[in-house]
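Single-structure report; data block below.
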């Protein structure tokens, strides 16, 4: 019973932190580009409109953030952990198998993330996105 309560409490606190820190992280990371801020004095229209390219820039920024800022360091930490687990196994086949399994799963997950980025980049280019691309 105590384990269920502590897991629920942990999940609740973690969810609370994630929900209320997301706006800070999103705007602090520069994921949302600034648009509709300056007016052209000649035409009276915005010189930096929020258009399709701005939407594609947001999508591109989010994918860049998730892949470069979050996934790559996490993958590196997992590689270090599995290396430490493998080297400190002391001949235990259980720990060696565990380290190999963790490494294989991390590698497959990272390759899937990179493949997803490639698919999204292909779609963006096909739709006519002309803004800056990540890993161009």
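Values in this text are rule-based calculations from the coordinates and carry no lab data. Since the model is a prediction, treat every value here as computed from it, not as a measurement. Positions of Cβ are generated from backbone atoms using ideal geometry, with glycine treated the same way; all protein chains shown enter the neighbour counts.
Report note on the peptides 61-72, 84-95: ranked by the mean count of other C-beta atoms within 10 Å, highest first, their order is 61-72, 84-95.
Compared with the direct C-alpha span, the chain from residue 14 to residue 95 gains 26.2 nm at full extension, assuming 0.36 nm per residue.
Once the Kirkwood radius over Cα pairs is known for the stretch 51-127, the Stokes-Einstein relation at 10 °C and 1.306 mPa s delivers a diffusion coefficient of 111 µm²/s. For the pair residue 108 and residue 127, the difference between a 0.36 nm per residue extended length and the Cα-Cα distance amounts to 4.0 nm.
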